[in-house]
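The structure under discussion appears below in the form of structure tokens.
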């Protein structure tokens, strides 16, 4: 179970991963732990270490309508009466900060003026992201989004630019911390869940530089807390981090905060049981369960974590390979549960069962290595499809260099070209008809400009395979429908 110190690192990792996440893959961490162990401190520490801010919403203290704000009637520019809402204090602070960022974006810009926002005479917003320029909104779109969203800026920026803006300090990260979520009144909890799931309050879209973090008290049959249990559909949107306190962390915290040294020394000479209660009524026995959405998030976490950990916000010890692997395991388990998470990571780590594209097409021999081909044939059908897909991507990356060998005076390059085509043909001829068709379909689908990948490698395929492709329309239809079922 992660420590208090480790959890703040996990929150930073999730924040940076979310910079490259589509709306449907935004990860919302949920800290789960007993009262008084420092869940609020975890979020504040993460925010402070990124030179950002933490805005806390006490879920258990909210009344119906607090978070959504009170309705107020006002007159629009057209003279019509419209209803707006007085924003909750935390949302209002975010809105005020967003207005300031919009002012900067439309005047001097960010990152020495390389990131700016322009509005043309027609009301279209033109976003300049260094060497890229594109229209991000129109007058009609602005009408539908409402005036609260008039100050939007930066959601469409590349993940790299977003990270640069955060690391430079020109945009400050904000953690919107919803504490005691599952102790809120059921009506209030629905309103909070809308913010968590949609990042929206009464039509106002919360900006991309705001991370939402929730905290809950343990909920189980033995729990002594008065909590409202989250259903499976709600839980599926969270990444659960089970939080506990340990004596070593508290001693470090106490030294930093100058807590009385006599008390700290006294605690240091006691036991963990003396330091914190381990009663069953304070524990959570529920486990996260996987779903297609959660596996998609896991794939995104697995891909992005090695990239974001390079950020300046992490120390050398946090970048240590062992530490990063532990973080990965914790994040994966927090999304799909420890049982499914352990199974996945163990499967990934069985390196001897992995077949890389370069193992199949190494351009060194006329045929694919017999051991590699035998291993491929032993894989499950789904695994074979993934390997074939990876092989197509690999070929699209190397084909230009390989193709140069076709007319090269260098005998080694010419030999590599001949072996490439020969190995590709050998691999294809070893596939069953159905898999051949899928493989060729994937090659055709790759648009490798200026010439399609299929046109470049078509000579490698036997007439039988091409004939199968042209005559198997029904088989392709059947395979396509099966693909959609998987």
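I'd like to know if the range 464-479 contains one or more residues that are assigned by TED's automatic domain parsing to the domain that holds residue 357, at pLDDT below 75 and not in a helix (DSSP H, G or I).
yes
Please enumerate the residues belonging to the range 382-399 that are over 19 Å from residue 372 (Cα atoms) and either in contact (Cβ under 8 Å) with a residue 40 or more places away in the chain or not assigned by TED's automatic domain parsing to the domain that holds residue 368 (or both).
Of everything in the range 382-399, those that are over 19 Å from residue 372 (Cα atoms) and either in contact (Cβ under 8 Å) with a residue 40 or more places away in the chain or not assigned by TED's automatic domain parsing to the domain that holds residue 368 (or both) turn out to be 396, 399.
Would you check if residue 229 is at pLDDT 90 or above, more than 20 Å from the chain's Cα centre (by Cα) and part of a loop (DSSP other than H, G, I, E, B)?
no
Listed residues 194, 198, 182; which is closer than 25 Å to residue 69 by Cα, at pLDDT below 90, in the same structural domain as residue 38 (by TED's automatic domain parsing) and surrounded by 19 or more Cβ atoms within 10 Å (Cβ to Cβ)? Explain how you work it out, then say what you get.
Values: 194 fails: surrounded by 19 or more Cβ atoms within 10 Å (Cβ to Cβ); 198 fails: surrounded by 19 or more Cβ atoms within 10 Å (Cβ to Cβ).
Every option except 182 fails the conditions.
I'd like the residue in the range 63-94 that is in a helix (DSSP H, G or I) and out of contact with any strand residue (DSSP E or B) (no Cβ under 7 Å at 6 or more places or on another chain) and, out of all such residues, is modelled with the highest pLDDT.
Step by step, filter the range 63-94, then rank; the result is 92.
Residue 128 - would you say it is under 30 Å from residue 63 (Cα atoms) and in contact with a strand residue (DSSP E or B) (Cβ under 7 Å, 6 or more places away or on another chain)?
It is false that residue 128 is under 30 Å from residue 63 (Cα atoms) and in contact with a strand residue (DSSP E or B) (Cβ under 7 Å, 6 or more places away or on another chain).
Only residues that are at pLDDT 95 or above, under 23 Å from residue 96 (Cβ atoms) and out of contact with any strand residue (DSSP E or B) (no Cβ under 8 Å at 6 or more places or on another chain): list them for the range 137-166, please.
If the condition is that a residue be at pLDDT 95 or above, under 23 Å from residue 96 (Cβ atoms) and out of contact with any strand residue (DSSP E or B) (no Cβ under 8 Å at 6 or more places or on another chain), then 162, 166 are the ones that fit.
For the list (1) assigned to a loop (DSSP other than H, G, I, E, B); (2) surrounded by fewer than 20 Cβ atoms within 10 Å (Cβ to Cβ), I need the number of the one condition that residue 344 fails.
In the conditions (1) assigned to a loop (DSSP other than H, G, I, E, B); (2) surrounded by fewer than 20 Cβ atoms within 10 Å (Cβ to Cβ), residue 344 misses (1) alone.
For the range 46-62, state whether one or more residues are more than 26 Å from residue 154 (Cβ to Cβ), exposed (fewer than 15 other Cβ atoms within 10 Å of the Cβ) and out of contact with any strand residue (DSSP E or B) (no Cβ under 6 Å at 6 or more places or on another chain).
Yes - at least one qualifying residue is present in the range 46-62.
Just checking, which of 160, 170, 156, 164 is more than 16 Å from residue 57 (Cβ to Cβ) and free of Cβ contacts under 8 Å to residues at least 24 places away in the same chain? Lay out the reasoning, then the answer.
Details: 170 fails: free of Cβ contacts under 8 Å to residues at least 24 places away in the same chain; 156 fails: free of Cβ contacts under 8 Å to residues at least 24 places away in the same chain; 164 fails: free of Cβ contacts under 8 Å to residues at least 24 places away in the same chain.
Exactly one of 160, 170, 156, 164 is more than 16 Å from residue 57 (Cβ to Cβ) and free of Cβ contacts under 8 Å to residues at least 24 places away in the same chain, namely 160.
For the range 257-275, enumerate the residues that are exposed (fewer than 10 other Cβ atoms within 10 Å of the Cβ), at pLDDT below 80 and in a helix (DSSP H, G or I).
Hit for the range 257-275 is 273, nothing else.
The values are calculated or read from the model by the stated rules, or taken from the named source; none is laboratory data. A quick note: this is a predicted structure, and the numbers were derived from the prediction, not measured. Please note: Cβ atoms are built from the backbone with ideal geometry, for glycine as well, and neighbour counts cover all protein chains shown.
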